[in-house]
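*Asks:* Here you go, one structure.
The values are calculated or read from the model by the stated rules, or taken from the named source; none is laboratory data. On a predicted model such as this, the values are computed, not experimentally measured, just so you know. Cβ placement follows ideal geometry from the backbone for every residue including glycine, while neighbour counts extend to all protein chains displayed. With ligands, DNA and RNA removed, areas are computed over all heavy atoms of the protein, side chains included. Shrake-Rupley method; radii C 1.70, N 1.55, O 1.52, S 1.80 Å.
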Amino acid sequence: MIAFLLRRLGQSLLLLLIVSVIGFAILHLAPGGPMSQFAAGGDMTQADLDRIAEQLGLNRPLPVQYIEWLWRMLRGDWGVSYRDQQPVLHIIASHIGATLELMLTSTLLAMVIGAWVGILGAIRRYSLFDSLATVGAMIALSIPTFWFGLVVIYVFSVGLGWLPSGNRYTMGDGSFLNQVHHLIGPCIVLALVSTAVWSRYMRSSMLEVVNQDYIRTARAKGVPERQILLRHALRNALLPMITITGLHVPTLLSGALVTETVFTWPGMGRLFLDSISYRDYPVVMGILMFTAVLVLMGSLLADLLYGVADPRISRSGR
Amino acid sequence: MNKPSTKASGLALPALHRREVLALGAGGILAASGLGSRAQGKAPPPPPAKPSGQVVVGLSQEPTAFNPLMPGIEVDETVWMQIFNTMWLAQPDGSLVPDLAAEVPSEANGGISEGGLAWKVKLREGITWHDGTPFTAEDVKYTLELINAPGFKARTRVGHSLVKDIKVTGPLEISWRMEKAYAPYLALLSNTFIVPKHLLEKAADPNTAPFNGAPVGTGPFKWGTRTPGDNIQLVANEKYHGKGPYLEKAVLKYVPDQTALYAQFRTGQVDLIIGTGIPANFYAEAVKLPGRKVVKIPSASLEVLMPNLEHPALSDKAVRKALYASINKQAIIDIVFYGLHIPTESFMPQESWAYDPNLPKQVYDPALAGKILDDAGWKRSGSGVRMKNGVPLEFAVSTTTGAALREQCQQLMQQDWQQIGIKMAINNMPAAVIWGEFYTRSKFQSLLVGTAFRTVIDPDPAHRFGSDAIPAKSGNGANQMQWQNAEADALMKQGQETFDTAKRKEIYQKLQVLVREELPILPIYQYAPVEGYKEGLIGYQPNINARQNTWNMGQWYWAK
């Protein structure tokens, strides 16, 4: 187990290094740069732009900039945002709360509804419910998120006036109910796609299990149907879901780019977009590394949990 | 609308940035259009005795730089003008009103002497910083010196680098000398926010001082809280030296997508839209919204076709004249921009005291354009594209991708020019690419761009038109067209050295005639952005001489 962990950690570090080199290169080789936002206005002279570029270290060769960045990163200094003048870690921390709030709520919603729809679909295979759920999932998966977000705003905010058209809360009213009210719109949009995905996975996973011999045996022994489903089938059907959950962790923290933008949600997704459009290299690299670490941790966690949930996949033998 | 980043949409429409704003003397349009105080209704109720209520100002870009001397974009000024003060402030009518200073120095009152070389300013009594420390001449001296300090990331040193020998001659008296006479400095100081010496000098490095994240100033509002990516809350400074503030709280709310921002204005989540404003395609609907006032505001930004004069075809004046004669300006304004913007012939905003209204009017005349090219020796070749001495008459027009309305303009121009044998390619790129070296080092063939040609609010365009201001030729400025004209250089030098407004007006009118003749830029229209506010808000007043219309937010209040 420990050897497995160490090996995985070693691989992860190597992967992180590769991600950082590629990310850094792509970002810096893309044309344009952080100074462009100031040049657009035209009230800074070339000397001003040159001076600031020099002060930011942007005129040094790319490999030197990378090594400087890596060295600072290794010592825990993620740099200072060009746009915001704040430490990168501080900026990430200030956006993560909004993202977590949104993603946890919508994921929980999607998991519960998705699992329920999937299980029911599998048990009542080819029923009207199953067909409706299948069609519904296909539609949900094919709807572009930004379009659906706009429809929700148009119908529920502008048309009916039931929901706010965006933001995390009304200015001047930070109450819990107000925040919940603001969560509904983006949650519907985010949960729609995830629900469809979860329900499809749950359905096929459940179908596989209910056709196994041990289920048939249990039925033959006269175990009540409810108990068969909950104690025997569901437990095993949930196994593949652990992997999916593990891989979903990064999304929880890195945010939903489109939904956050459409609903003016001040989270990580929008921070990432803003930072890219301003070529705010330190922040983009920070988010990139942060997400990479999460992806690796998520898959590691899934592997470990898998071993816990299903003793047959124990690592000790390897 | 489905643009992934709306921050980019801010950058994509730099024309809507009133980053450099226009010169003194803009009273006319305000009075004529009723945008001034009359727009607020006949007899506004008096302001509250004590600050009360809040206003939510919607912005499509996020203010992120709070030290007013450091690099920032135009929207950052919405914060600076609440927290800080300048020595004097430009009013909508163009006059300069003393703010931190007791009076605006001039040759008449002796504040400016020796032909503009010696300056002396008396400061107002009884001003304190938000932390209670008294404001003194030392703060002004510190600010001017900090801008020129070698290691400090100052936004710009234009004008300030000429300041020498700063002397504090009394607690509220300061004097300095200028290396050369430079009339625009008066305007530059109306946009130079004074920072507190006692806080910044304590910091090990002013570039990273805690002050930069929680500024302390002398302005009508104090720094409150900031939720990055979302909003900034400012609270009333009850010890403010001027009128107001009347609002207890001012919230600057960042809504990146312009359509989303408009939706929030419609549903009442934001009280105002300023800055990039209401998109032109929503204008007709917006004016009909109940409980909302929507106004076209004066702007100093122009939409121009900016040729690179080093391009073999575009360097020929005849080509530029022919191009200009075959741009269908009115069609562009009416069809693409819903008739909002104002056709113009000058690089100067039409509200400026230096504006020349008698410039020859552009007439859309493709036949004339063809004749100009024929006369200049640009003959049609077999492919239909004109040639002269082996140079084909073809070039690319670039603008920011995603600016849908501009892309339509490009198509209109392309069609018009094709008919007279000019081949135009469209070469659009993202904002961060366009405004990088492509623009600053004149690597474009031509740009469709919105920009302004002045020094802050002064009509001086030397850093945009001067021969020594071409970055691609080691110059220091923003003359990306690479225009070199000895007569224009002489006029601009004269304009900088003259302090008499009447004489300066004459100089800049001559320059406008010259620019209209030489066409280093092809002016298309002057922007008329649309802002909107909730009915009942008293005090909102567009000011072409301020960079953002939150310039007088300290005097806003709600009618109750």
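*Asks:* I'd like the residues of the stretch B:153-192 whose 1.4 Å-probe accessible area shrinks by no less than 10 Å² going from the isolated chain to the full set of protein chains.
*Replies:* Residues passing the criterion (a loss of at least 10 Å², heavy atoms only) are B:153, B:154, B:155, B:156, B:157, B:158.
*Asks:* With everything on Cα atoms, drop me the angle between helix A:176-210 and the longest principal axis of chain A, reported from 0 to 90° to the nearest 10.
*Replies:* In chain A, helix A:176-210 runs at an angle near 50 degrees to the longest axis.
*Asks:* Let me ask something else about it. To the nearest 0.05, how large is the calculated FRET efficiency for residue B:149 and residue A:247 if R₀ is 60 Å and r is the Cβ-Cβ distance? The partial results should precede the final answer.
*Replies:* Details: r = 51 Å, r/R0 = 0.85.
Here the calculated transfer efficiency is 0.75.
*Asks:* Here's another thing I want to ask about it. Using a probe of 1.4 angstrom, how much of the accessible area of chain A is carbon and sulfur, in percent?
*Replies:* On the way: 10830 of 15380 Å².
It is 70 percent, rounded to a whole number.
*Asks:* Find the accessible area per residue for the stretch B:316-440; the probe is 1.4 Å, ligands and nucleic acids are left out, and the unit is Å².
*Replies:* Working: 5060 Å² over 125 residues.
Dividing the accessible area of the stretch B:316-440 by its residue count gives 41 Å².
*Asks:* In the stretch B:401-444, which residues become less accessible by 20 Å² or more once every protein chain is in place, relative to the chain on its own, using a 1.4 Å probe?
*Replies:* Buried by the other chains: B:432, B:433, B:435, B:439, B:440, B:441.
*Asks:* Taking the Cβ of residue A:122 as the centre, find all other residues whose Cβ is under 11 Å away and add up their charges (Lys, Arg: +1; Asp, Glu: -1).
*Replies:* Working: positive: A:124, A:125, A:200, A:203; negative: A:130, A:208.
With Lys, Arg at +1 and Asp, Glu at -1, the net is +2.
*Asks:* With n ≥ 4 as the cut-off for DSSP H runs, can you work out [θ] at 222 nm for chain A, using -39500 (n - 2.57) per run divided by the number of residues, rounded to the nearest 500? Write out the running numbers ahead of the final one.
*Replies:* Values: 14 runs with 222 residues, N = 318.
Helix contribution divided over all residues of chain A: -23000 deg cm²/dmol.
*Asks:* Quick one: which of B:258-266, A:270-278 comes out on top by average Cβ neighbours within 10 Å, and what's the full order, highest first?
*Replies:* Values: B:258-266: 24.1, A:270-278: 26.4.
Ranked by mean Cβ neighbours within 10 Å, highest first: A:270-278, B:258-266.
*Asks:* At 1.4 Å probe size, what's the solvent-accessible area of residue A:88? Round to the nearest 10 Å².
*Replies:* Looks like 0 Å² after rounding.
*Asks:* Chains B and A: buried accessible surface, both sides, probe 1.4 Å, rounded to 100 Å²? Spell out each step's value before the answer.
*Replies:* Numbers: alone 21440 and 17860 Å², together 34490 Å².
When B and A are taken together, about 4800 Å² of accessible area is lost.
*Asks:* Rank by packing, highest mean first: peptides A:8-14, B:130-136, with packing defined as the count of other Cβ atoms within 10 Å averaged across residues. Before the final figure, lay out the partial values.
*Replies:* Details: A:8-14: 12.6, B:130-136: 16.0.
Ranked by mean Cβ neighbours within 10 Å, highest first: B:130-136, A:8-14.
*Asks:* Quickly work out the residue B:486-to-residue B:381 label distance, labels modelled 7 Å from Cα along the C-beta direction, and quote it in nm with one decimal.
*Replies:* Distance between label points: 3.4 nm.
*Asks:* Expressed in nm to one decimal, what extension gain is obtained for the pair residue B:443 and residue B:205 from 0.36 nm per residue of sequence separation less their Cα-Cα distance?
*Replies:* On the way: separation 238, 0.36 × 238 = 85.68 nm, distance 3.64 nm.
Result: 82.0 nm gained on full extension.
*Asks:* Quick one: accessible surface of residue A:90, probe radius 1.4 Å, all protein chains present, in square angstrom to the nearest 10.
*Replies:* It works out to around 100 Å².
*Asks:* Protein chains only, probe 1.4 Å: how do B:167, B:153, B:329, A:221 rank by accessible area, largest first? Each step should come with its number before you reach the end.
*Replies:* Values: B:167 105, B:153 40, B:329 10, A:221 160 Å².
Largest to smallest exposure gives the sequence A:221, B:167, B:153, B:329.
*Asks:* Hey, another quick one. Give me a single rounded figure for A:82-93: the average over its residues of other chain Cβ atoms within 10 Å of their Cβ.
*Replies:* Whole-number average of other-chain Cβ neighbours for A:82-93 is 4.
*Asks:* Now, a different point. As a quick test, which of the pairs B:197/B:243; B:388/B:423; B:249/B:534 have an alpha carbon distance above 20 angstrom in this structure?
*Replies:* Details: B:197/B:243 25 Å; B:388/B:423 14 Å; B:249/B:534 16 Å.
Over 20 Å Cα-Cα: B:197/B:243.
*Asks:* Would you jot down the residues in the stretch A:1-37 that end up with at least 50 Å² less accessible area in the complete protein assembly than in the chain alone, with a 1.4 Å probe?
*Replies:* Residues passing the criterion (a loss of at least 50 Å², heavy atoms only) are A:36.
*Asks:* Then there's this: Calculated FRET efficiency, residue A:100 and residue B:125, Cβ-Cβ r, R0 41 Å, to nearest 0.05?
*Replies:* On the way: r = 52 Å, r/R0 = 1.26.
For R0 = 41 Å, the calculated efficiency reads 0.20.
*Asks:* Step through the residues of the stretch A:240-247 one at a time and calculate ³J(HN,Hα) from phi using the Karplus curve (6.51 cos²θ - 1.76 cosθ + 1.60, θ = phi - 60°), rounding each to whole Hz and writing x for Gly and Pro.
*Replies:* Each residue of the stretch A:240-247 in turn: x, 5, 4, 4, 4, 4, x, 6 Hz.
*Asks:* Then there's this: Mind checking which lysines have their C-alpha under 19 Å from residue B:361, skipping anything on the same chain fewer than 8 residues away?
*Replies:* B:317, B:321, B:329, B:371, B:510
*Asks:* Leaving out ligands, DNA and RNA, and with a 1.4 Å probe, what % of the accessible surface on chain B is carbon or sulfur?
*Replies:* 53
*Asks:* Roughly how many Å is it from the Cα centre of the stretch B:471-489 to that of the stretch A:107-122, as a whole number?
*Replies:* First find each Cα centre; the distance between them is then 66 Å.
*Asks:* Given a 1.4 Å probe, how much area per residue of chain A is accessible, in Å²? Working shown, then result.
*Replies:* Numbers: 15380 Å² over 318 residues.
Per residue, chain A has 48 Å² of solvent-accessible surface.
*Asks:* Before anything else, pin down the relative contact order of chain A: Cα pairs under 8 Å, at least 6 apart, normalised by residue count, whole percent. Walk me through the intermediate numbers first.
*Replies:* Numbers: 346 pairs, mean separation 84.8, N = 318.
In percent, rounded to a whole number, it is 27.
*Asks:* Can you give me the distance in nm between label points at residue B:363 and residue A:9, each placed 7 Å from the Cα along the Cα-to-Cβ direction?
*Replies:* 8.3
*Asks:* Further, regarding this structure: Would you calculate, for chain B, the mean residue ellipticity at 222 nm contributed by helices, counting each DSSP H stretch of 4 or more residues as -39,500 (n - 2.57) and dividing by all residues, to the nearest 500?
*Replies:* On the way: 14 runs with 124 residues, N = 560.
The per-residue figure over chain B is -6000 deg cm²/dmol.
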